[in-house]
Amino acid sequence: MRVAFGLLVLLLGLCGSGAQGESGGLGEEGESSEIQEEWIQQTTNTTSPDIWAEMKELRDMVVMLKVYVQMLQHDNSEMAGRLTSSERELLDSMKRIDKLENLNKANTKVAFYTALTDAGYVGPFTTDTTLKFSKVFTNIGNAYNAGFFKAPVKGVYYFQFTVCGHHTGLMGVYVYKNNQKIMFNVEWKEDQLYKYFTNSVILELMAGDEIHLALPATHVLYDDGSNQSTFSGALLFPL
């Protein structure tokens, strides 16, 4: 700005000196020239350091801008790396969720149906005895094994049993949840004709809880190829 202003003043001075030369002669022109030279020298002396200072300031600003751009580029690279890492973690989480959902879907399909034996009479025994329903017709979810049903997930389950008696005497069944008796059914038979009773129960079970039936001591049941004593169950809904 100072340089431009000096040039403008110089130009005006030159115009003025031309006008004075036409009217005042050589003496005045020489005096004017000396004044102009002195002013140019002063202007040069005063403006040149300012120009260099401004150029240095601009150079410093350019350097600072370059450093700032490099910092931004570095931050952007780190941000891109973090974003890529986050995307990978999100993808892994989605895969784990899908796996758990598929596993949960498999575990929520639970149902079984079994029959006791083809051997005929079961019992009497001197102690309570677990009934191992050996004929497995349905076992979706593989939750039933050798007389025991093990809940694969927390939920509400439905169980039903039917037992047959074909002798004179007691016929009965305990229902166990883990080691706890939760139901007892008993009948006395006066003759050797077939006699049946059926019962059912709805239970809230935690994952890992077990349900099984037991024959009380001195009691007798009957089953054969007609599957007259059965045990079945299913998951109604998970919790």
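The values are calculated or read from the model by the stated rules, or taken from the named source; none is laboratory data. None of the values given here were measured: they were computed from a predicted structure. Positions of Cβ are generated from backbone atoms using ideal geometry, with glycine treated the same way; all protein chains shown enter the neighbour counts. Heavy atoms of the whole protein, side chains included, go into the accessibility calculation; ligands, DNA and RNA do not. Shrake-Rupley method; radii C 1.70, N 1.55, O 1.52, S 1.80 Å.
Is it true that some residue in the range 145-153 is closer than 24 Å to residue 216 by Cα, at pLDDT 90 or above and among the β-branched types (Val, Ile, Thr)?
No.
Going through 233, 225 one at a time, which residue ends up being in contact (Cβ under 8 Å) with a residue 24 or more places away in the chain, closer than 30 Å to residue 109 by Cα and surrounded by fewer than 16 Cβ atoms within 10 Å (Cβ to Cβ)? Please lay out each step first, then the result.
Details: 233 fails: surrounded by fewer than 16 Cβ atoms within 10 Å (Cβ to Cβ).
When all the criteria are applied, what remains is 225.
Identify all residues within the range 51-87 that are among the basic types (Lys, Arg) and at pLDDT 70 or above; write none if there are none. Reasoning before the result, please.
At the first step, the residues of the range 51-87 found to be among the basic types (Lys, Arg) are 56, 59, 66, 82.
Scanning the range 51-87 gives 56, 59, 66.
Can you give me the number of residues within the range 195-217 that are assigned to a loop (DSSP other than H, G, I, E, B) and over 20 Å from residue 145 (Cβ atoms)?
2
With (1) open to solvent by 70 Å² or more (accessible area, probe 1.4 Å); (2) assigned to a strand (DSSP E or B) as the list, and residue 192 as the residue in question, which single condition is left unmet?
Of the numbered conditions (1) open to solvent by 70 Å² or more (accessible area, probe 1.4 Å); (2) assigned to a strand (DSSP E or B), the odd one out for residue 192 is (2).
Out of the residues in the range 92-128 that are surrounded by 14 or more Cβ atoms within 10 Å (Cβ to Cβ) and of a type in the set (Val, Ile, Thr), which is modelled with the lowest pLDDT?
Taking the candidates together, the pick is 108.
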